[in-house]
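Input: a single structure, listed below in C-alpha cells.
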Amino acid sequence: MFIDFNANPSSPELQGDICLVGSGVIGLALCSHLLAHTNLRLILLESGDLGGAPDDAAVPAELNTGDIDSGVADSRARGFGGSSQRWAGQALPFSANDLAPRPYLNGAGWPVRLGDLEPYYAMATRFLGLDERPFSADLWNEPALSGLFAPASPLGLNFSKYSPHPNLAPLWRQRIAASDRVICLTNAHATHLEVDADHQRVSGVAIRSRQGRPGRVRAQRVVLCAGGVENPRLLLASDQVHPRGLGNDHDLVGRYYQDHVGFYGAHLEPLDWRAFRHLFASFVQGRHKFVPKLQLTDAAQCSLQLLNVTGNLGVQLEETAPVLGLRRLYNNLRHGALGRHNLRDLKMLPKAPLESAKILYSHVVQGRIRIPRESRIFLIANAESEPLRDSRIQLASERDAYGLRRARIHWLVSDRTRVALDAYFAEVKRVLEGAGIARVHRNPMLAETNDDWKSRGYSLYHHMGGTRMASRPEDGVVNPDSRVFSLANLYVAGSSVFPTGSSSNPTFTALALSFRLAEHLAAASPTP
Ligand SMILES: Cc1cc2nc3c(=O)[nH]c(=O)nc-3n(C[C@H](O)[C@H](O)[C@H](O)COP(=O)(O)OP(=O)(O)OC[C@H]3O[C@@H](n4cnc5c(N)ncnc54)[C@H](O)[C@@H]3O)c2cc1C
C-alpha cells in the first residue's frame, strides 16, 4: 500500500522488518525479490511523490567543483520509480577485467568476481524484461564483417540490450498498491540514521516531510538505495553521534567518487555504407533493441595498461528528419509516455515518403534502425575514470528544501582517461580505415597532454563509488555482502558500492549486486 506522508496528519512511527530507503530501480528490485521469497514486512521510503517531482535536494552547478560537472543538477528524478522515469534502460554487463585486480591501477579489484555475479545478472535480465540470449550471441552473423577484428585486436564488438519497459513506476505502483506486506511512504525524506546505545546497530531512520514534519521508521535491517550521490550523503549526514558520519571510521564515505566520461571522440565518414550500417546500426527484434558497441578488449587494457573504453554511434540530424520522429515514438512507447505530441512525429513521415519507406523497410524487414546518409555521424565514447581518493562527495554548508546540507561533488578525472580515449580512437581509425568502412576524423584534443579535453567531456549520469565495497574496513565502506563494516544491520545497494566503474552502463551490474544482497537478506528469513 501507499501512504503519503504529506497528507498524513499524525507523525508516524512505522515499524517493519526491512526498511529500504529509496524507491528507484534498486529499491524496487530489492522489493521484488523480498516480496517473492520471504514473508518480511517491508517499508519503502521515497522522498518524492508518485509523480516525478522536481529534485529538491539536487546539486546545483556551483556545488560541482571538480574537473567535469556531475550532471546531478538536471538528471535525477525524485519520485516513485526514481531515475527509471528518465533513464534509457540500456544494459551491458561488466567484464572479468573490470572486477579483477589490475596491477597498473590503484584501487582496482573487487571482492567479488564476475562469475559470482552471473546468476544475479540472470535475475536482473528478467527484472528488466531484457532479451534472454547471452551477450555473446552473434547478432552480426554476416561474412561482411568476418576478419574485421583479428583475435589479437585491441578492439572487440559488443552490444547492449535495452529494456522494453525502462520506466518501472507504472507496474510497481500497481504491485505495491495491491500488497499488504509493503508500505511505500511517499514524500518521506530520510534525513539521517539513528544508532543504538553501543553504536553497533541502526535503531531508526529519521524522516521529514516537505513541510518539515518529522517521523521515524524502525526496522530490523535498513538498506540504503537512494542513488549514487544520496547513499554517501545520507551516511555523512548521520553525524549526530560520530561527527564524520556513519560507516566513516576510515574516512572513506564519499571518496573514490566516479562517473563515466562521455566524449565525442571522432567524426565518421562512411565509405562502404553497407558494411558501415551492418556494423553500427541498432538492431530491433520485436520489443527488444540492441546497440552495437566497439570496446577495448580486456587483453588490450591489460597489455597497454589502459582504463576501459566503449563507444557507439551518435547520429545528428535535422529536427524534422523522419527517423527522429520514429525514435521519439519508440522511446515514448517504451516509457509509457505516448501522447498527442507524438502526432507531430507521425506527420513527419508523409513529408519524406521515400526516406520513410526506407526506414520502415530497414526496421521491419532487416530489423535494423536506419542510419540516414545525410546524418552527421560521431563515435561517442563511454570512458572509465580512475578511482581517486580526493574525488569525492562531501556535505556543503548550503541547505536544501528539507533544511539538510547539500552534497558537494568534486569529481576528479585523471589523465589516464585521456590516454585510454586517445588509444581507443587511434585503434578505431586503424580498423575502420584499414577495412575501407569509414574515414575517421579524430578529435585532436585527445592527443594534447593538457587538460583542455576535459571541457568537452561530460557526465553520463552514472554516479559510482562513494561507498565502495572491499574485503577490509581499511579499504572500503561496505563488506562483500554490501553491509556497512561498522554496523550489524545497515546495508548499501546501488552503484555507490562499485570500487571501479568499467565503461559499461552501471545499473545492470548494480542490479546484479542488489539481487545478491536480496538473497543474502532473504536467507535469514522464512519463505512464504
Ligand atoms: C537520463 C539518464 C539516462 C540514464 N541511462 C542509463 C542507462 O541507459 N543505463 C544505465 O545503466 N544507467 C542509466 N542511467 C543511470 C541510472 O538511472 C541509475 O544508475 C539508476 O537509476 C540508479 O538506480 P538507484 O535506484 O540506485 O537510484 P535512483 O533511480 O536515482 O533512485 C533513488 C530513489 O531514492 C530516492 N531518494 C533519494 N534520497 C532519498 C532520501 N534521503 N530519502 C528517501 N528517498 C530518497 C529518490 O527520490 C529516488 O526515487 C541514466 C541516468 C539518467 C539520469
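Among the residues of the range 436-473, how many are hydrophobic (A, V, I, L, M, F, W, C), within 15 Å of the ligand (Cβ to nearest atom) and in a loop (DSSP other than H, G, I, E, B)?
So the answer is 1.
As an exercise: evaluate residue 382 against (1) modelled with pLDDT of 95 or more; (2) surrounded by fewer than 20 Cβ atoms within 10 Å (Cβ to Cβ) and give the number of the one condition it does not meet.
(2)
Applying the selection to the range 70-91, what residues are surrounded by 20 or more Cβ atoms within 10 Å (Cβ to Cβ) and in a loop (DSSP other than H, G, I, E, B)?
The answer is 70, 71, 76, 77, 80, 81, 87, 89.
Test residue 115 against the criterion of being surrounded by fewer than 18 Cβ atoms within 10 Å (Cβ to Cβ), modelled with pLDDT of 90 or more and not in a loop (DSSP other than H, G, I, E, B), and give yes or no.
Judged against the criteria, residue 115 is a match.
Among 476, 501, which is assigned to a loop (DSSP other than H, G, I, E, B) and within 27 Å of residue 158 (Cα to Cα)?
One residue alone meets the criteria, 501.
Does the range 406-425 include one or more residues that are more than 21 Å from the chain's Cα centre (by Cα), assigned by TED's automatic domain parsing to the domain that holds residue 468 and closer than 30 Å to residue 81 by Cα?
yes
Counting just the residues of the range 219-260 that are away from the ligand (no atom under 16 Å from the Cβ) and in contact with a strand residue (DSSP E or B) (Cβ under 7 Å, 6 or more places away or on another chain), which one comes out nearest to residue 79 (Cα to Cα)? Walk me through it before giving the result.
We begin by selecting, within the range 219-260, every residue away from the ligand (no atom under 16 Å from the Cβ); these are 220-221, 241-244, 248-252, 255-256.
This time we only want the ones that are in contact with a strand residue (DSSP E or B) (Cβ under 7 Å, 6 or more places away or on another chain), so: 220-221, 241, 255.
Numbers: 220: 25, 221: 23, 241: 30, 255: 26 Å.
So, considering only residues that are away from the ligand (no atom under 16 Å from the Cβ) and in contact with a strand residue (DSSP E or B) (Cβ under 7 Å, 6 or more places away or on another chain), the one nearest to residue 79 (Cα to Cα) is 221.
Among the residues that make up the range 363-374, is at least one of them assigned to a helix (DSSP H, G or I) and assigned by TED's automatic domain parsing to the domain that holds residue 189?
no
Could you pull out the residue among 185, 193, 157 that is at pLDDT below 90 and assigned to a strand (DSSP E or B)?
None of the other options fit; the residue is 157.
Can you go through 175, 208, 181, 216 and tell me which one is in the same structural domain as residue 77 (by TED's automatic domain parsing), crowded, with 19+ Cβ neighbours inside 10 Å and at negative phi?
Result: 208 is the single residue among 175, 208, 181, 216 that is in the same structural domain as residue 77 (by TED's automatic domain parsing), crowded, with 19+ Cβ neighbours inside 10 Å and at negative phi.
Take the residues of the range 483-507 that are of a type in the set (Ser, Thr, Tyr) and within 24 Å of residue 72 (Cα to Cα): which is nearest to the ligand (Cβ to nearest atom)?
For the range 483-507, the residue satisfying everything is 507.
Run down 96, 88 and say which single residue is more than 17 Å from the chain's Cα centre (by Cα) and over 30 Å from residue 202 (Cα atoms).
96
Is there a residue being modelled with pLDDT of 95 or more, farther than 30 Å from residue 476 by Cβ, more than 24 Å from the chain's Cα centre (by Cα) and assigned to a loop (DSSP other than H, G, I, E, B) anywhere in the range 260-271?
Yes, because at least one residue in the range 260-271 is modelled with pLDDT of 95 or more, farther than 30 Å from residue 476 by Cβ, more than 24 Å from the chain's Cα centre (by Cα) and assigned to a loop (DSSP other than H, G, I, E, B).
Give 51, 82 a once-over and let me know the one that is at pLDDT below 95, within 12 Å of the ligand (Cβ to nearest atom) and over 25 Å from residue 260 (Cα atoms).
Only one candidate qualifies: 51.
Considering 26, 18, which residue is part of a helix (DSSP H, G or I), crowded, with 24+ Cβ neighbours inside 10 Å and in the same structural domain as residue 134 (by TED's automatic domain parsing)?
On the way: 18 fails: part of a helix (DSSP H, G or I).
Unique residue meeting the criteria: 26.
From the list 5, 94, which one is surrounded by 17 or more Cβ atoms within 10 Å (Cβ to Cβ), more than 9 Å from the ligand (Cβ to nearest atom) and modelled with pLDDT under 95?
Values: 94 fails: modelled with pLDDT under 95.
Exactly one of 5, 94 is surrounded by 17 or more Cβ atoms within 10 Å (Cβ to Cβ), more than 9 Å from the ligand (Cβ to nearest atom) and modelled with pLDDT under 95, namely 5.
What are the pairs with Cβ atoms under 7 angstrom where one residue, in the range 180-200, is basic (Lys, Arg) and the other, located anywhere, is not in a strand (DSSP E or B)? Sequence gap at least six, or different chains.
181/35; 181/41
The values are calculated or read from the model by the stated rules, or taken from the named source; none is laboratory data. Since this is a predicted model, take the numbers as computed values, not measurements. Quick reminder, even Gly has a Cβ in these numbers, built from the backbone with ideal geometry, and neighbours come from all protein chains shown.
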